[in-house]
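Worksheet: the structure to be examined is printed underneath.
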Amino acid sequence: MCLINFQLNDHPKYKLIIAANRDEFYNRPTAAAAFWNDSPEILAGRDLLQMGTWLGITKTGRIAALTNYRNPDLEEPGKYSRGEIITNYLISNQSPEAYLNALRAKRGDYSGFNLIVGNSEALFYYNNMEDKFDLIPNGTHALSNHFLNTPWPKVVKGRTMLREYSNSHDTVEIEKLFEIVADAEEAGDNDLPQTGITLDLERKLSPLFIQTPDYGTRTSTILLIDKNDQVTFVERTWDKGIFDRDRHFTFPLIKD
């Protein structure tokens, strides 16, 4: 997952609005969003190479999402899959704080990552490079492959578009949220971050929606939780930048 735009407890109808993209190599095997056979409380897509995920929710409202931290110099072979971090939180009964404190003790087992965990009432952010976690304040935020709300062009643009749209509509339209994360305009060279990759690659990775010959946006996900605890989860899959299909899920949260 390379871009997570979200609004928390700042809308008259919704506790949580998420509009996110997962970017990945096209040849990496992936299962579409579903309730998992081996963990039927989890709704998420699945990486079939390591069997983890990038964004998921449970029937009781546990939520987790993850992005990689981009720094080629820090990538090391032999690390554990970061996708298991999401699964481990979703299947656990630990509070977000307890889970993150336990994760900190083994943060070196994983390459760099950003993690959001919690529920529709409260979300926490953790980055294993900084090694500290914080309660995310109410409002609109965005996370890509650096820190939360780092002002990369795609982060600023996605956060601004989500905030402006949701703040001007009492009921949000799923398709309008998909339009936000489908924005494929590249940033200008003067606005590009410097993350240790080539200028040409920085340019290609700068849009909200990425499309290159072998890597790009594979999945877009909209997650809404309204103030009656009704969940709407829509996953849109892409085949090398071409629309594949949508999968819709709606259900009420089960209170623990």
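FYI, it's all coordinate maths here, none of it is from the lab. These figures come from a predicted structure and were not determined experimentally. A quick note on method: Cβ atoms are made from the backbone with ideal geometry, for glycine too, and the neighbour counts reach across all protein chains shown.
If you sort the three axes of the alpha carbon gyration tensor as a ≥ b ≥ c, you get a/c under 1.5 for the chain, which makes it rounded.
Partners of Lys13 within straight-line reach, counting aspartates and glutamates whose Cα lies under 17 Å from its Cα and excluding those fewer than 8 residues away in the same chain: Glu121, Glu164, Asp170, Glu173, Asp226, Asp229. Per-residue Karplus couplings for segment 204-216, computed as 6.51 cos²θ - 1.76 cosθ + 1.60 with θ equal to phi - 60°, are listed in order as 5, 8, 7, x, 5, 10, 9, 8, 10, x, 10, 8, x Hz, Gly and Pro entered as x. With K and R counted +1 and D and E -1, the other residues having a Cβ less than 15 Å from that of Leu143 yield a net charge of +4. Based on DSSP H segments of at least four residues, each scored -39500 (n - 2.57), the chain has a per-residue ellipticity at 222 nm of -5500 deg cm²/dmol.
Taking a straight Cα-Cα cut-off under 24 Å and skipping sequence neighbours fewer than 8 places away in the same chain, the lysines within cross-link reach of Lys79 are Lys106, Lys132.
Available extension along the chain between Gln230 and Arg104 is 42.1 nm, counting 0.36 nm per residue and deducting the alpha carbon span. Ordering Thr160, Thr219, Ile86 by the projection of their Cα atoms onto the charge dipole of the chain, which places +1 on the Cβ of Lys and Arg and -1 on the Cβ of Asp and Glu, puts Ile86 at the extreme positive end. Would you list, by chain and number, the lysines whose Cα falls below 19 Å from the Cα of Lys15, excluding same-chain residues fewer than 8 positions away? Excluding near neighbours in sequence, the set is Lys59, Lys176, Lys227, Lys255. Sequence-ordered 3J(HN,Hα) estimates for segment 31-45 from the Karplus curve with 6.51, -1.76 and 1.60 and θ = phi - 60° stand at 9, 5, 4, 6, 6, 6, 5, 8, 9, x, 7, 9, 10, 5, x Hz, glycine and proline given as x. Rounded to the nearest 20, the size of the Cβ-charge dipole of the chain about its Cα centre is 440 debye, with Lys and Arg at +1 and Asp and Glu at -1.
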